[in-house]
Amino acid sequence: MKSGRIGIGLLGLGIVGSAVAEALATNAAYAARAGAHLELRGALVRDRQRQRSARLRDLALTTDADALLDDPAVAIIVELMGGEEPAYTYLRRALAAGKHVVTANKEVIAKYGGELSALAAVNNVALRYEASVGGGIPLIAVLQRDFLANEISNVAAIINGTTNYILTSMAKDGIDFAEALAQAQHLGYAEADPRNDIEGIDAAYKLAILAGLAFRTPVHVADVFHEGITGLRARDFRYASELGYAVKLLAIAKRTPAGIQARVHPALVQQDEPLAKVDGVFNAIQIEGDLSGAVMIQGRGAGPGPTASAVIADILEVSRNLREGRTPLAAISGASAVPVPLVPMQELRTRYYVRMSMADRPGVLARVAQVLGEEGISIASMIQKEVDEDAGSAEVVIMTHHAVERAFQRAIARVADLDTVPEVGTFVRVMEKV
Ligand code: NAP
Ligand code: HSE
């Protein structure tokens, strides 16, 4: 490090990388906050011919990662490429070479965060990943520091901006799924492969990170149940609203006597719950600590500006520590703790909304109710919705009392086998009040 300068190597110059590079290149105030001039040494890209912002014309582009990873003048590697490989390998190399790392990569942190944190500690460097969850919302540092005095029992969150944008557009603006997704992509919210968003995978990565920090135990992403939003239809939003609910993609992590429950799926959220009012690209996280009580943090969960805000905050903090010769504090994580068992999804106990069509004639509904009853599922309410007179069928929405997931799934499979039930449509779990 030349005196007064800190070299930064940027891996990735896409939606987030460009916003970070532009801000670093234009905001003169950062030098005072970093305690040094931040020198962007270059950016790794896949395609050097791709058109970039005119404001980045002076930035050196390379397709050779070694040019940055092996540059002795680079003190901080900022990884904004996304995906598991080659990002994971580059981060390992950077940490092993004694470079500090800032990343927004939830996939790599969810899968290898424990190992990378240990590597950072051994090499006495920082690994910061504030932007990996919740975009511009301060969350990682909050869990690592501000909740340290608490035993956290519950985290309930909306942590995917793309799906929340889609669900809000479908529910409130009557926009169809494909158009809402295209808008989210255009606004820079979606992952390079948007299936990660709509299938709940991105939220599962984020929940694994949050749950690991909240419960101070390793939470493997493979143990996080996830279900996306593609099974929802426009009428589910209508029916849910009539019943007093909003539909949200929730990420829930809960400490129970049997272990930790971690799940991502669409949920019916009572309209008077704070999470029901979180719309568009906004994310929100409710955390329940034994001393703090319930805390809710809300903000923009995706997009270039909010994400750059979190990335640059990490860069400034690392830089200031570097300038002042402070050793990076090893973050308190679950990496070294005794793992707490994860409770299988089949053991979840909750209430359900289920929409199905059935033959519109006497005895059919009774037979469905009988099958549910045989599996121990009690009906809380039932509404007959639209009737298709030509097909001789009716659409029915059933709300259940609490039931065990295993029994509910078995019951639904049996109902779907009935000749008189042409379709079991969507089922949605109901959010319990925190
Ligand atoms: P993006 O627009 O797809 O940008 C990815 C960048 O990485 C591009 O510049 C691409 O090069 C480069 N790249 C990808 N693979 C590469 C490879 N193998 N070799 C060299 N360069 C490669 O992605 P993004 O939306 O900015 O997201 C970046 C990261 O931030 C991801 O981890 C994402 O999950 C995370 N994140 C995104 C948001 C958001 O709102 N977008 C919010 C929070 C976190 P080219 O430019 O040549 O294609
Ligand atoms: N694709 C992610 C989202 C980006 O929509 O939330 C922010 O992590």
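Read the figures in this text as sums done on the coordinates, not as results from a lab. Owing to the predicted nature of the structure, the values given are computational and were not obtained by experimental measurement. FYI the Cβ positions are ideal-geometry reconstructions off the backbone, even for glycines, and counts take in every protein chain you see.
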Quiz prompt | Over the stretch 1-149, relative contact order from alpha-carbon pairs under 8 Å, at least 6 apart, % | solution = 21 percent
Exercise. List the relative contact order of the chain as a percent without decimals, with contacts defined as Cα pairs under 8 Å and 6+ residues apart.
Key: 16 percent
Quiz item: What's the local net charge at residue 150, with K and R +1, D and E -1, over the other residues with C-beta under 12 Å away?
Solution: -1
Quiz item: On a 0 to 90 degree scale, rounded to 10, what angle separates helix 177-186 from the longest Cα axis of the chain?
Solution: 10 degrees
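Helix-only estimate, please: 222 nm mean residue ellipticity of the chain, summing -39500 (n - 2.57) across DSSP H runs of length 4 or more and dividing by its residues, to the nearest 500. Could you put the intermediate results ahead of the total?
Working: 13 runs with 141 residues, N = 434.
The per-residue figure over the chain is -10000 deg cm²/dmol.
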Self-check item: Mean projection area, nm², convex hull over Cα of the stretch 281-384
Solution: 13.3 nm²
Self-check item: Folded to 0 to 90 degrees: helix 161-172 orientation relative to the chain principal axis, Cα
Solution: 40 degrees
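Kindly flag which residue pairs out of 99/277; 172/206; 111/248; 277/385 have an alpha-carbon separation exceeding 31 Å in this structure.
Values: 99/277 42 Å; 172/206 26 Å; 111/248 25 Å; 277/385 26 Å.
Beyond 31 Å between Cα atoms: 99/277.
Which loop trypsin sites (Lys or Arg not before Pro) in the stretch 293-400, with loop taken from DSSP, have no more than 12 other Cβ atoms within 10 angstrom of their Cβ?
Working: sites: 300, 320, 323, 326, 349, 351, 355, 367, 385; in loops: 326.
Of the trypsin sites (Lys or Arg not before Pro), the ones in loops of the stretch 293-400 whose Cβ has at most 12 other Cβ atoms within 10 Å are 326.
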Quiz item: Could you give P(r) for the stretch 347-430, binned at 10 Å from zero, as whole percent values over all Cα-Cα pairs?
Solution: 19, 57, 21, 3, 0
Quiz item: Using bins 10 angstrom wide from zero, how does P(r) for the stretch 98-182 break down, in % of all Cα pairs?
Solution: 15, 33, 30, 16, 6, 0
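Quick check on the chain: what are the equivalent-ellipsoid semi-axes from the Cα gyration tensor, as sqrt(5λ), descending, whole Å?
Details: eigenvalues 412, 109, 58 Å².
Equivalent ellipsoid semi-axes, largest first: 45, 23, 17 Å.
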